[in-house]
Every structure is written in structure tokens, then in C-alpha cells.
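No lab work stands behind these numbers, since they all come straight from the coordinates. Model, not experiment: these values are computed from the prediction. Here the Cβ is made from the backbone with ideal geometry for all residues, glycine too, and neighbour counts use every protein chain on show.
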Amino acid sequence: MQKNLFSTVHSNTSGPCFLAISSSANNGFDTGRILSPRVMKWSEEVQLIDLSSTHRYWAQKAMEDGLTFDQMIERLIKDYFPPQTIGVIANHPWQAVLYLKTFSARACGTLLNLSSPFGRSLKKDLSWEAWSETFQEIDDHFLVFGSKSKLSKDKKSKSQLSTFLKTAQRMSLHTPAHFHHGALDNDSNETSGIKRRFGDRVATLWDWTWTQIQGDTNDIGFPWKTQKLNEVPSVQRLLIHPIRNWEHIEPILCEDLDRLCQLRCWNSSERVVSLEWELFFSNSPTLSIPVLFRYPHALHREIGLHKTALLQAFHSWTSSLSKRLKQSLFHEDSQYLENDAIIEWKVVVKERLVIPPQHHSLFADDLSSPLARLRDLENSLPVQLSEFAHADDWTPEDSWKIQSTNSEKSLSKACSESADSPIDSPKSYLFQHLCRPLFIQNEPTPFISNEQDPYFEFKERVMRKWWQLAVSDDYVYDCFLHEDRKGRLLWIHKSTNKQLTINGVYG
Amino acid sequence: MKTACLAKEESRQLLLSDSRIRTASTNPMEVKLCCGIRELDEFLHGGLTFSTLSEWGIPFGNGARRLMALFLATATGGATAGDQKHWCLWVSARPHHSLYPPAWSAAGVDLHRLRYCQSKAPIKDLRSLFIDDFFRVIVLDAPAELTLEDCCFLSQHARRNRQLIIILRDQFLLSSNHNVWARSRFNVKREKGRYEIEAIRGALSKSKATFAIPVPNLKNLNL
């Protein structure tokens, strides 16, 4: 449950989230936790890192240093990992591990982003040997993963793999890309055919090889297992009197956070990504509340006050309690839940970034920097603050995005503090933006007018990306300004079949 | 005394007439935020005053919210006193509408200094932002749950942090249900392409002015 909450609430999953690192020295495993608390040991030399919980933080740091996200990760690998370490970053953990061997064989660089043009061309170089080796590696992980994934139950996977490879050889398909017609297209018929002949495991891994899947590793059935740390900081509190109100909880929780900071199993250079606050009640089951930080948080820095941690704990406590009450609304115990009091709790540092002693300066934030201040503020909020950026596109839908600092184009604009003009979009799009409204509707609604002959002021004609559409779809639509009887200035779209929809409001 | 008043008035006129100086105030303690529309800035005696809470009745869709884009353009673009660029926050309670950022950028807003969030209960959700002085201009667009106590809280922190907090309502404000914590309250109507602003509360109470919101000239943009 906590993992799902993480990926939907606190992380930016719009960029690639999985980094596979190949490192010859063993101490590479400790270093992986600089980047993220979720590190999986794939093999003796390879570790897999889930960057979803810290992606936003590294993207912002990259922006501050004038780098792209990929450049930031590459710099971290070069500075903090052993020499000869290489990495592949991808949207899917399987793809990250799979293409690591191919990238390693090429010996051309430290980090590869599979979404880049070079990464896409590398997919054509994937060999059957690399595919089958990685297949066998994941087989071992499925065995360990047990019954958590339905794919684990496939016992005949090795023989099915062998049959699959023989079939490819017999058909003279020298690489997986040859087998997959148009390696970037997701042909569902291909996968179902493979599933019928060679089994579930082969079909799923084949699908994972080519498709752009994003999401929680549990949802997609990947046998993820985070490597656990030897020591996990935690404190327990037995309350003298049961309490239920936040005014009474807050000072005691603050004391416990201080006690947590004083534990010797971790130090002040480490950064907390999430806490788990487990509440024990007098009459009802235990409630486990995740306290999540949008950016890795320096708990030791706020000793005595813990303003950020207490605010996040309060938001999580309020929402967890109300969910719990709603779930038990028709239950006969609901009245007890409302009046139930806490008798004990435990606070655990669930996930944190672990910094090796020689790298303590990594998180030495300059708190005077505006972005560092903003990160601190955002860490105490239950809602996300969005930053918008232009995208180099002519269509209204794709001409902007929520800033992920994951593209070089947005980065160059983001770094410019002293722009001559605040208008950042390319001048060729400026005219279009002037014609468009200040507010857009999240979902278009049909336009219905009581007027016999409503007046529409033509604004622009937009051509859709025809290469992404089915043959029967509209390629073009017209945009108009229309003032309705209530005096609202509406942005109306008209398709080629004369369907009118309201898509925005001119403020 | 008369001479001093005239000199003061002349200097104010001089400041207003110079289009490069976007902040015009004869009181050095009062920093103002103007929008660049001469008639409106004159009506507002230089602009909206920082350290205050301001409430606006602008029906959604009448086009007058573009004024807010112009205010934010001044704030983020470094045209206030001392060429300071301010961080601005737009809080919307609308579940079905979002900002269209390129249009705001075309209006002059620096998107890097603008943050946006959706919240029906901004005081509860964003309390720590109001207590901090990071965001100098905060706009609450059609907040659903805002009590008088909340307005008191906003007004106090606006004064303490020298912020400008603007509340936008989708209906016209009435003088009868006045928000005592808002230093200024305005209604903006649109008729035949021009806008009329009416002050409901404040030093300008019951006064009106008409203006047009300019659309940037393509020639001036050097396209």
C-alpha cells in the first residue's frame, strides 16, 4: 500500500525511473543508496535502483547545477561509484537490466538513457544471448519472489525459453529485433501468439522488452525485492495516558523524533524519504501511517522543532483517520473508532538515503537558494505545487507540460534567471498562445446553444499529429471564441464532422 | 503646505507617466504592484498594495482574469521597485479547469517563478506557505471554504510577510456582505469589449473606472 501511495502522491513518474548499475567493486551496493532508498541486488555485479521516490529531487538538483537529469545521474555515478561503473536508465526495470549487457559491450560512455535516440538504436543490437541470460537471471528472482507474482508459478519457463530460442534460430531471426516487427510498435497479436506457444513467462518478458510500461513494480509483476539495511532506526512510545487529539500527540511525537535523531545507527548526513508511524489503539486494530516527504528530508536539521515532519505527520494522520472512519461507517464498531484513543506507537525510519562517510558533502544544501527553500516548504505540504514549462509543440494539448526538468529544452529555459523577456516559448508559437484562453477544461464538454445562429470568432486551425491517429480520426479541428448568453468567453473546438466542444475559458 | 502637496502630486504624475517605472508610490513603506494598464493603475493609485488582502468579484469567463495575468507578469518579470522578481502562487479550487500556461507566458508571466496547485481548503492545506514569506503574491481563485477567520489569518500574514494576497470570486461582491479583512474590494464587469471596475471597499470606495485590456500587438513582438 505504501509503495502505491509513494508513486501516486510524492514522486514524479513522468521521467525514467529505473537505473541498472554494473559495478565491479562490492562497495557499489552501499553507494546505490545515495540515489534512492529502493535498491535491489540483481546479481553479484548489478544492482537495480528505483528512482521514483527521489526522481523529483535529483531533477531539481540537476536544474540548479545547470544539468539535465541524465547528466546529473552520470555525474553522481562518476563521482561516487567505483571506476568502470556503467548504468542504463529506463522506464521499466526489466529493460534497464536487459540493455545493460549490450551497453557494456559497446563500451561507449557511463550512462545510457534508453529513451534517447542512441538508446532506441541500441535496441536493434540486443542479442539472443543477452536476452536469454537476463531471462535466466530473472528466473532466480521469481523463485525468491515466491507467490507474490503469478509469473512465479510458471515452472516450465526454462524449457519454454529453450523452445523459443530454437524457434527463432529455425526462422533465421538473428536478433530479437528481427523477431519483433518494428521494434518500437506494440503488437498485441505478437504477444498473445508467443503466450500460446511458449507460455506466460516468455510472453510477458517479451512484452516488457518492447513496450513502454510505467508504474509500480508490484502492479506489473516484476519480482522487486528491496535490499534491507542492517539497522533501521526506530523508537517506541508507551503512553502513560491514552490520547486522541493532535494537540496532545504533537509534543510527544516531537520528542520521539528527537530521540530518533539521537540514535547511533544513522547520522545527520542521511536523508529521510519516508517514516512509518504505527499506532496502537485501546480498542481497535493497529493503524500504520506513512509519513512521506516529497524530497529527501534532513530530520536532524530540525531537532527540537521538527516542523516539516510534524506537518506531514499531521496531514497523513488526518487523512488516514478519516479513511478509516469512512471504511467502518456502516460497521457497528464505528462509534468506538471515533472515540478510540492511542495507547502506544512506534516510529520507524522506513526509507532513507544512506551516505557513505567519505561523501557527507553530497547533501550540503545551500538553504539560501530559492529552490532549496521551496523544496523545504513543499516537504511540509499535503498537496503538490506544480511548475509549468513550455513544450516545443504546436498543438494546445502538447504545448506545455508540468515541469519535470527531464528534457534539455526545458532545462535551458529553467536555468535562465536573467532572460531578456519573460516570454520563453519559441516566437513561432507566440501568436497561437495569444489566441488561446487562460484556462482549459480538463475534459472537453459538448457545446449546446439555445441560440439559432450563435456567433463564433475564428481563432486558428490546428492539425493533429496524423501519424499517431487511426485513419478514421479527425486530422484537423478549428478553434473559435464564442460569447454565450451569460457573457462567458468560451474556447470552442469544431471537428471536421462539425461537432462542437467547449475546451477552455478566456478567464 | 500647498506647494508641498502640489510637488507630491506632480511627482506622482511623473512616476505614473513613465511607463518603465511600474511601481508608483509616494509612501516609501507602501510597495505597489501595477498591471501596466494606465487607466487601471491610475484608478488604483499606482497599483495593488503589498502587505494587504484584496478581494475581487470577477465572474469566471468574462475575460477580466487576464488582469491577474498582467499583475503576475509584473511581479514575476522584475518590473516592481528595485527590479525584484517575485515568486507567485496560484491556488485554484476548480476541479474541471487548469491554467493553460503558454497563454500566461504570452501575457508576460515568467513560468519559472509561478507555482500552481489545486486545493479547496487552501488555509488548511497550505498553511505553511502563508506563514512563510517565500511567495510574495498569492492568488486564491474561487476558494470554496474560506471563512472570515481565514480571511483574518490571510490579512495578518500578508501584513507580516509583506505579501499581496488576492481572493478571486466568481460572483460580484456586495457591499452588504463585506469582508472586513480585505483592504480593497473590487468588482469588474465587461460591456461591449471594455471593462468597468468598481471599488466596493477601501479608499476608493464607490468609485469606478473603465478600461480596455490590451492585446499585444504582433508588430511590437518583432515576429
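Report the gain in length on full extension from A:Leu469 to A:Gln136: 0.36 nm times residue separation, minus Cα-Cα distance, nm rounded to one decimal. Write down the numbers at each step before the final one.
On the way: separation 333, 0.36 × 333 = 119.88 nm, distance 3.84 nm.
Length gained between A:Leu469 and A:Gln136: 116.0 nm.
Within the stretch A:43-78, whose backbone N sits under 17 Å from a point 7 Å along Cα→Cβ of A:Leu143? Inside the label zone: A:43-44.
For the residues of B:87-94, the average number of beta carbons from a partner chain within 10 Å of their own beta carbon is 2.
Find the percent of Cα-Cα distances in the stretch A:231-290 that exceed 19 Å, and round it to a whole number. Distances greater than 19 Å cover 36 percent of the Cα pairs. Peptide B:60-70 has a mean of 5 when you count, residue by residue, the C-beta atoms of other protein chains within 10 Å of its C-beta.
With 0.36 nm allotted per residue and the present C-alpha distance subtracted, the A:Thr211-A:Asp484 stretch has 93.8 nm of extension available. Restriction of the trypsin sites (Lys or Arg not before Pro) in the stretch A:243-315 to DSSP coil positions whose beta-carbon has at most 16 other beta-carbons within 10 angstrom yields A:Arg244, A:Arg264.
Take peptides A:463-472, B:163-172 and line them up by average Cβ neighbours within 10 Å, highest first, as a rough protection proxy. Display every interim value, and only then the final one.
Values: A:463-472: 8.9, B:163-172: 20.9.
Listed from highest to lowest mean packing, they are B:163-172, A:463-472.
Extending 7 Å from Cα along the Cβ direction at B:Ser175 and again at B:Arg127 yields two label points whose distance is 3.7 nm.
Over 22 Å between C-alpha atoms is what I'm after, so list which of A:Lys225/A:Lys307; A:Lys124/A:Lys401; A:Lys459/B:Lys120; A:Lys401/A:Lys465 land there.
Values: A:Lys225/A:Lys307 33 Å; A:Lys124/A:Lys401 30 Å; A:Lys459/B:Lys120 33 Å; A:Lys401/A:Lys465 17 Å.
In this structure, A:Lys225/A:Lys307; A:Lys124/A:Lys401; A:Lys459/B:Lys120 exceed 22 Å between Cα atoms.
So which GluC sites (Glu not before Pro) in the stretch A:226-255 end up in coil per DSSP with only 12 or fewer other C-beta atoms within 10 Å?
Working: sites: A:Glu231, A:Glu247, A:Glu255; in loops: A:Glu231.
Hits after loop and neighbour filter: A:Glu231.
Among the GluC sites (Glu not before Pro) within the stretch A:432-475, those in coil by DSSP and having at most 15 neighbouring Cβ atoms inside 10 Å are A:Glu451. Classification of the stretch A:428-507 by its C-alpha gyration tensor yields an oblate form. The axis ratio a/c (a ≥ b ≥ c) is 1.5 or more, and b/c is at least a/b.
As a calculated quantity, the FRET efficiency between A:Asn442 and A:Ser159 at R0 = 35 Å, using C-beta atoms, amounts to about 0.10.
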